[in-house]
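Structure record follows, encoded as C-alpha cells.
The values are calculated or read from the model by the stated rules, or taken from the named source; none is laboratory data. Keep in mind that this is a model prediction, so the values were computed, not measured. Cβ placement follows ideal geometry from the backbone for every residue including glycine, while neighbour counts extend to all protein chains displayed. We work out accessible area using only protein heavy atoms, side chains counted, and drop any ligands, DNA or RNA first. Shrake-Rupley method; radii C 1.70, N 1.55, O 1.52, S 1.80 Å.
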Amino acid sequence: ENGTWYFLLFGKIAWLAQCLFGVIKWFRVPNVLLFLIMGYLYCKNISKKNWLILTSGICVQVWYIFSYTTADAWDFFLSFLILLQLTQEDSLLNRAITLPVNCKNVLRCLIMGVLFGMLFLGKQVYWAVLLLAFIALLFKLLETNKEQKKVLVFNYCIIIGFFCLTVLSRYGFDLYHYG
C-alpha cells in the first residue's frame, strides 16, 4: 500500500498548470519541475561532494521516473534531499538537531519531520534511506558530549513527533474518509 500525498498534491499543481496555460498534457509538469530542482541541487553541490554521482547511478531509470506521472519521482527526490541533508554540515537537518530549541529551530524540525514522514508514506523500497538516516543520526548522538546529547535527543524527539503527525494525518484521513 502506498499512502503518499503525491497524487493529491501534484494533481493540484498539474490542474493549476492546465488552467493557466490551457493545455491538457500538464500532468507531467510536477515531475519535470522536481527533476529540474534536483538537477540544480546536484550541479550546485557536485564540486563539493563527488559522491553525488552515485545518487544518479543508483537508479538507472531516473529519466523515466521523472518524465512520467509516477510517485517514484517524488520518493526519489525526497531520498535525494535526505541524503543531501545528511552530508552537509550546515544543512537544515544538522542545524535542526544541534541548535537549542527556539521558534526557528522548531520550524526546521517540522520541515525535517515532514520530509521523513513523506518518504515513509511512499514506496517501501525508499525506506532504506530512512534507515540510513536513522543510523547516521544515531552515530552522531553516540559521538557527542553529554551536554550536547540532551539537545540532540530533545530535537530528535521533536522531529519524530512531526514525523508521526505527518504519517498519522495521512492514515487518519483514510480512516475518517473510508472508515
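Can you tell me the order of 34-46, 135-147 when each peptide is scored by its average per-residue count of other Cβ atoms within 10 angstrom, highest first?
Details: 34-46: 14.3, 135-147: 11.6.
Sorting 34-46, 135-147 by mean packing, highest first, produces 34-46, 135-147.
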Folded to 0 to 90 degrees: helix 6-21 orientation relative to the chain principal axis, Cα: 50
Sequence ranges 100-107, 158-165, ranked by mean other-Cβ count within 10 angstrom, highest first: 158-165, 100-107
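Rolling a 1.4 angstrom probe over the protein heavy atoms, how many square angstrom per residue are accessible across the chain?
Ligands and nucleic acids excluded, the result is 61 Å² per residue.
Over 32 Å between C-alpha atoms is what I'm after, so list which of Lys12/Lys48; Lys12/Lys44; Lys123/Lys146; Lys48/Lys149 land there.
Working: Lys12/Lys48 36 Å; Lys12/Lys44 29 Å; Lys123/Lys146 37 Å; Lys48/Lys149 29 Å.
Exceeds cut-off: Lys12/Lys48; Lys123/Lys146.
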Whether region 118-179 is rounded, prolate or oblate, judged on the alpha carbon gyration tensor where a/c under 1.5 counts as rounded: oblate
Dipole of the chain, positive end: most advanced residue of Asn145, Phe10, His177 [Cβ charges, Cα centre]: Asn145
Rg/Rh ratio calculated on Cα atoms of region 73-133 (Kirkwood radius): 0.99
With 10 Å bins from 0: P(r) over the chain, alpha-carbon pairs, percent: 9, 32, 34, 20, 4, 1
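If packing is taken as the average number of other Cβ atoms within 10 Å across a peptide's residues, how do 150-156, 71-77 rank, most packed first? Before the final figure, lay out each step's value.
Numbers: 150-156: 16.3, 71-77: 23.3.
Packing order, densest peptide first, comes out as 71-77, 150-156.
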Relative contact order %, region 56-179, counting alpha carbon pairs below 8 Å whose residues are six or more apart: 29
Dipole of the chain [Lys/Arg +1, Asp/Glu -1 at C-beta], most positive-end residue of Trp74, Leu132, Gln85: Gln85
